[in-house]
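Any read-out appearing in this document is the output of simple, stated calculations on the displayed coordinates, not a laboratory observation. From a predicted model like this one, the values you see are computed outputs, not experimental measurements. Positions of Cβ are generated from backbone atoms using ideal geometry, with glycine treated the same way; all protein chains shown enter the neighbour counts.
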Amino acid sequence: MAKFNFNTDISSEELNKSPLRQLWRHFKANHVALVGLWLFIALTILATLAPVIAPYGVNQQHTDALLLPPSWDDVGDVRFILGTDDLGRDILSRLINGTTYTFGLAILTALITTLLGVVLGVFAGMSKGVRSSILNHMLDVTLSIPSLLLAIIIIALLGPGLLNTVWAIILALLPQYIHSVRNLVVQELSKDYIVAQWLDGANSWHILSRGIFPNIYEHIVVIFTMSLSTAILDISALGFLKLGAQPPTAEWGAILSENLAFIYLAPWTVALPGILLFFAVLSTNLVGDGLRSALKKRKAI
Amino acid sequence: MSKFIFSIVILILTGCTEQALINQNNHGLIYCAEANPVSFNPQLTTLGSTIDLTSKQLYNRLISIDANTGEFLPELAHSWKISNNRKKITFELRQDVQFHQTDYFTPTRKLNADDVVFTFSRLFDAYNPYHFVSGGQYPYFQSIGLDQLIKSIIKESEYSVSFELFDAQSSFLANIATDFSVILSAEYAKSLEIDETLENLDNYPVGTGPYKFKDYKRDILIRYYKHDEYWKHPVELEQLVFDITPNSTTRIAKMLTHECDVTPHPNSSQLSILASRKDIKVLKETNLNIGYWAFNTQKAPFDDNRVRRALAHAIDIDKIMHAVYLDNGKRLESILPNTSWAYQAQVNMPNYNPELAKRLLRQAGLVEGFKMDLWAMPVARIYNPNARKMAELIQSDLNKIGITVNIVEYEWNTFIKKLEEHAHDTVLLGWSADTPDPDNFFSPLLSCAAALNGKNAANWCDPEFDLLLSKALDTIKIEERKEFYFQAQQMVIQELPLFPIAQGMRFQASSTNVENIEIKSFGGVSLAKARKL
Amino acid sequence: MALEYIFRRIILLCFMLLLLSIFTFSLSFLFPGDPLTNLSGIQDISFHESDALSEKYKLDQSIPKQFISFITRVAQGDWGISFASQKPIFEHIVALFPATLELALYALLASIVFGIPAGIISAAYYEKWPDKIINTLTLLGYSTPVFWLALLMIMFFCLQLGLLPMSGRVSLLYEIPDITGFILIDILLSDVSYKFNAFIDAIKHLLLPTIVLSTYPTMVLIRFTRDSMLEVLEQNYIKTARAKGLSRSQLIFRHALRNALLPVIKQIGLQFSSLITLAMITEVIFSWPGIGRWLIDSIYQRDFPAIQGGLLAVSTFIILATVTADLIHSVFDPIIRNQTHGKI
């Protein structure tokens, strides 16, 4: 924060650290958040390197091994660590590849949303008068419709499919994003140092890049983690409802709904994608929560 | 001890309601159905899922077929006589058959010849006010050409009806005994004409069967009450409820939680779960049916025999038998199942040979491969317990010879409707026999008439083939008929408008306290005698 | 001032409904296929029918006229017919909506009953073990996909223990006439011999879907109540009260609670939108005969008139619920009425 602090409780060493490092220090102190971060990084690596890591191809069928239980089971097979599904596909390979679809695609979705959301949010925040009023009312309408419903509407228009899901979720998350960024910008604009900059004759671009941006990007990261967890949940929920990824795409929600038929016979085929999904969302939430409380703590100093 | 405490806890949790529910339960049976009925009049459909819900529950036929001996049995007609030239058949009707009394109709008379005349004249007499009602399509009767066969129906006396035919067709009686040939009430039809609500004849049914219609909520339930004055035998159940549950996993789960008493076609992969439960029994019945892969022969490139043959050669049926039928089915060697008396194994049947498939495609000029749609039924049927999975297997097999497959799925009734418009490239479908007569596998599936009304999924019309079928029908001697059917089978496998894949088993799961549910090797289920202990 | 505020809200409501109806109207043209078919729901329109229908739907006239005719028809309850059932869509919606509403209301009630006290406890014991436990549970609750939770519940309570039914609203053998569409009320109003048993049975059917559906809003309310409470506890008047030597419970119940709960009221209204969405998934899994399941089925079947009607009904309901909550909120909170710009 730009405000100068003469509080003597804090060592000068602490004050000399950059805000980013202070943030990291607070974040690090929260062990649970740190575990979340490691999990998050592991999943990201898995998502990018899935085809290399997975022992078999996603849709490779082993007809000699249908519905094998995990390898530690008596009838399991060492070749297939987590067993196979009803078409003889290696579950481990499918789950690893599923990381790319569910988690990786969700990151991509959240990134694109961030890009668009920040641009539009900043625009909304900087604009004044009638334009801003209309924009706000439009936002109000779309904000009252939750993201999943909006995504379902868009899918109703575009037809089911993974790519359509991504578009739908981007469009569905966008209003919330614009709204949050706009609020941040408006909040920042009203601060004294910005007014001082205006008076110094800085133009809009200057104020944005030098004044506002350095002060809000950390908050944007927090919003990013929130939209990421929504994106993961929505992609998988749509996959589960058979409106998103279509089989044989190895998206976790789709795998789950595909394997529902085996819920009694092979519960692990339903359990595993669910657990992974849970961890993916949990790690994102942990990172987001950790960041938020670290930001709060830094501010408190 | 701990078990004892546990059961007490459960008793407390469920106890107070359990007793009463059991009382309520004894009077009613819940049958988990796979799909909404398309109509409550079986004349209008060939869908097994609809027939199961309607035909033997709400209606009766003039005669029926004994599933074991193949002989005809009296039903609404207590006897029948065939003239010497076999062109006139006279049915003598029972005089004690009462129609349903429902919220919307009160019969004033018992069944008589008028009802029979009305029922059949609706099918083929364009002057019958009901002929064009509810779409005016009678797919089964049109496919087998019954509308071309019957010259006239004559009311001989109050309880006697005769059918005059153009040709002496050997399968006529068998067709009269199918689940489609149910008898409707002429009096009810008259009363609807006065109200000008003709379509109610098919939506609010009145029949003579063991149960009468009470309520239908789409996607939720169908409720029947017992028909108190059922002519054949007393009906045990007060209520028969069909719980419409398209998802087969949900159906099984409902069996386990006792929300269903009976469920048809459990997914074969779940049979072991059901079999391991003491409170559930699984019935297994061989059934006259074929699951096939039909090619839309009017669409390129499927109009090319070489392409069809290539596709057939490209798929590994052993894998399908294992993964889809879980080894509970039989590979087909012809278009007829081997239990049919006209069956002949075909030497020409394509075997698994991807190399040959590629060669055939090259000959057809499709070196690059192509993209195609493969329609997979969304419901489990006897002939194909899991079309989606079969489609995925085929998808991966065809991928190896350079064909990209797009799997298409719709809700069952929409699926059938779009199929009838021939909007598909290829489709995984099948046929369960309605009579043991072999013609039942040819005319309804591959005749030109069936191509016209959309039931011929291959959209294949070959006059030569039709001629063969009518020759077979005009013959009485069974050995001669066989010859014709042998030729027909050879022709099908030669031309391959559809590729027969497998014959499935009919499974049915029910609670152990449910008795007397009749499933036969052909036709729909009958719950007339069902009871709960 | 209050009147002006209400007036402004109602103007906003009308504006939102107008935008929504424009969007819904445009769907008929955006969906694949013939707009006439999408509007009316009648497939295979014959030649002479086509003219009559065009006349009725004013398709030969300008877009604004078509739109006005659309609004008139919507207001009259003529929403076209469904491709799949060939029945009027409005009839479907009237029959199905109460089921969804009933489920959502119970879930909302449950989340208020559990969420708000939990949030208060969490704030009262800030950074002590009750707070930590509640926080952990909330985090877990937030991270569990709702369909996965539903499946786990079914696996455990229905299939493993056999305690609860897994589908529908009441055992189908109980024949309950439709009066209000709310199953519990209908049972009480009905004239059947098994009233009591049917009621218990309906409660059992409700239990799991309600728990599943209420999970997410409960988590939101816990967090929101906690944050709002903490914020209030930071304020000067509370600090003053504390300095006066009031006990913690006195502090919270006498002074902080009212102010902390004010924003929560608004949040409760906002929950309707996520409740209705989550209800769609819950309904699909528990075969609950509500509008969500119907809407998703309609998407599978490309039943465009049904999708259109369903969206219109659901979105209108959400907007109405949000605005109503806002108005109720303003009754309790005089400050917001004085804001020049309303925000939702």
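Tabulated results
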| quantity | calculated |
| --- | --- |
| For the range B:415-533: relative contact order, % (alpha-carbon pairs under 8 angstrom, 6 or more apart) | 19 |
| Mean projection area, nm², convex hull over Cα of chain B | 26.2 |
| Relative contact order (%) - chain A, alpha-carbon pairs under 8 angstrom, separation at least six | 23 |
| Cα radius of gyration and Dmax for the range B:387-475 (Å) | 15.6, 47 |
| Simple spin-label estimate for C:T240 and B:H27 in nanometres, 7 Å along Cα-Cβ | 7.0 |
| Folded to 0 to 90 degrees: helix C:47-57 orientation relative to chain C principal axis, Cα | 40 |
| Isotropic mean projected area of the C-alpha convex hull, the protein assembly as shown (nm²) | 53.7 |
| Residues in the range A:34-72 reached by a label modelled at B:K400 [backbone nitrogen below 17 Å; 7 Å Cα→Cβ] | A:57-66 |
| Reciprocal mean inverse distance between Cα atoms of chain C - Kirkwood radius, Å | 23.0 |
| Sites matching trypsin sites (Lys or Arg not before Pro) across the range B:439-533 that sit in DSSP coil, with at most 11 neighbouring C-beta atoms within 10 Å | B:K477 |
| Exposure proxy order (Cβ contacts within 10 Å, fewest to most) of A:H179, B:H422, A:H206 | A:H206, B:H422, A:H179 |
| Beta bridges by DSSP in the range B:289-503, antiparallel share as percent, to the nearest 5 | 60 |
| Least to most buried among C:S249, B:S340 (fewest other Cβ within 10 Å first) | C:S249, B:S340 |
| Compactness relative to 2.2 N^0.38 Å, alpha carbon Rg of the range A:210-274 | 1.62 |
| Shielding of C:136-147 by partner chains, average beta-carbon count, 10 Å | 6 |
| Nearby lysines by direct alpha-carbon distance to A:K297 (threshold 26 angstrom, same-chain neighbours under 8 apart not counted) | A:K3, A:K17, A:K28, A:K191, C:K128, C:K132, C:K239 |
| Per-residue average of Cβ from other chains inside 10 Å of C:167-178 | 6 |
| Overall dimensions of the range B:289-503 as given by Cα atoms, namely Rg and Dmax in Å | 16.3, 51 |
| Selection of chymotrypsin sites (Phe, Trp or Tyr not before Pro), the range A:47-140, meeting DSSP coil and at most 13 other Cβ within 10 Å | A:W72 |
| Residues with amide H under 5 Å from that of B:S64, placed H, sequence gap 5 or more | B:L73, B:E75 |
| Kirkwood Rh, angstrom, the range B:63-195 [1 / mean 1/r, Cα pairs] | 15.7 |
| The range B:226-374 - Kirkwood radius from inverse mean 1/r over Cα pairs (Å) | 19.6 |
| Pair B:E158, A:H206: separation of 7 Å Cα→Cβ label points (nm) | 11.0 |
| Residues B:I335, B:I401 arranged by fewest to most Cβ contacts within 10 Å | B:I401, B:I335 |
| Pairs from B:K151/B:K455; B:K56/B:K151; B:K87/B:K482; B:K319/B:K400; B:K319/B:K389; B:K281/B:K532 whose Cα-Cα separation, in the structure shown, is over 18 Å | B:K151/B:K455; B:K56/B:K151; B:K87/B:K482 |
| Förster-model FRET efficiency, 35 Å R0, C:E49 and B:E420, C-beta, rounded to 0.05 | 0.95 |
| Charged-residue dipole, Cβ positions (Lys, Arg, Asp, Glu), the range B:152-311 about Cα centre, Debye nearest 20 | 1160 |
| Loop-resident sites, the range C:57-127, for GluC sites (Glu not before Pro), counting at most 10 other Cβ within 10 Å (DSSP) | C:E127 |
| Sum of -39500 (n - 2.57) over DSSP H runs of 4+, divided by residues of the protein assembly as shown (222 nm, nearest 500) | -17500 deg cm²/dmol |
| FRET efficiency for A:F213 and C:F114, using Cβ-Cβ distance with R0 set to 30 Å, rounded to 0.05 | 0.15 |
| Inter-label distance for B:R331 and B:E193, nm, one decimal - labels placed 7 Å from Cα along Cα-to-Cβ | 5.8 |
| Sites A:A65 and C:K56 - FRET efficiency at Förster radius 60 Å, r taken between beta-carbons, to 0.05 | 0.50 |
| Mean shadow area of the range A:119-258 over all directions, Cα convex hull, nm² | 9.4 |
| Selection from B:P354, C:L206, A:G274 lying farthest towards where the dipole of the protein assembly as shown points positive, charges on Cβ | A:G274 |
| Karplus-derived 3J(HN,Hα), 6.51/-1.76/1.60, for each residue of the range C:256-264, Hz, glycine and proline x | 7, 3, 4, 6, 6, 7, 3, x, 5 |
| Cα convex hull volume per residue for chain A (Å³) | 156 |
| Chain B - percent relative contact order, Cα under 8 Å, separation 6 or more | 20 |
